[in-house]
Amino acid sequence: MISNTNKVKIQDFCQYLNWDSEFFGLNIAKISKSTLNHNQLIDISNWCKKNKIECLYFLVDPSCQRTNYLAMDNQFDFVDIRVTLTINLDKNKLFVQYPNSCVFRSSKKSDIPILREIASVSHKDSRFYFDPNFPNELCDKFYEKWTWMYKIVVRKN
């Protein structure tokens, strides 16, 4: 399908999420852009109907008033605020004063049990728990599966 605006392919706007869909047992996709206009949203809606999408993730640019109102007017549920924080470790006073106080390493296979336990209780304020369409028990298991992403912080003595 070609969008009416700017002749952009719908695949540039939407992505089917295999892993999420298999895990939750729903056809899940995400909108790849953070701002949209009305015509683009119509194209996305048609794509979702054609592909039997049951859940659509949309991370809206909070500074785009038009897109925020468009999402609200089209029954998107507000389920999360994403905040990204960064730190320059080379300039951080704690790490400069105490350079050997912490070591970061990738997790090992032996860390998986404790990481699963930590992950299953560490995300209770995430979008999945806030969204009533995802059962809490399944959300617990979802975050257990994501343990491979974690890094371990080990304090040196």
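The values are calculated or read from the model by the stated rules, or taken from the named source; none is laboratory data. Nothing here was measured: the structure is a model prediction, and the numbers come from that model. Positions of Cβ are backbone-derived with ideal geometry, glycine not excepted, and every protein chain shown enters the neighbour counts.
Points to keep in mind about this one:
- Only one of Ser107, Ser122 that is surrounded by 11 or more Cβ atoms within 10 Å (Cβ to Cβ), at pLDDT below 75, among the polar types (S, T, N, Q) and more than 25 Å from Glu22 (Cα to Cα): Ser107
- Set Ile2, Ile114, Ile81, Ile10: member being at pLDDT 75 or above, among the β-branched types (Val, Ile, Thr) and surrounded by 10 or more Cβ atoms within 10 Å (Cβ to Cβ): Ile114
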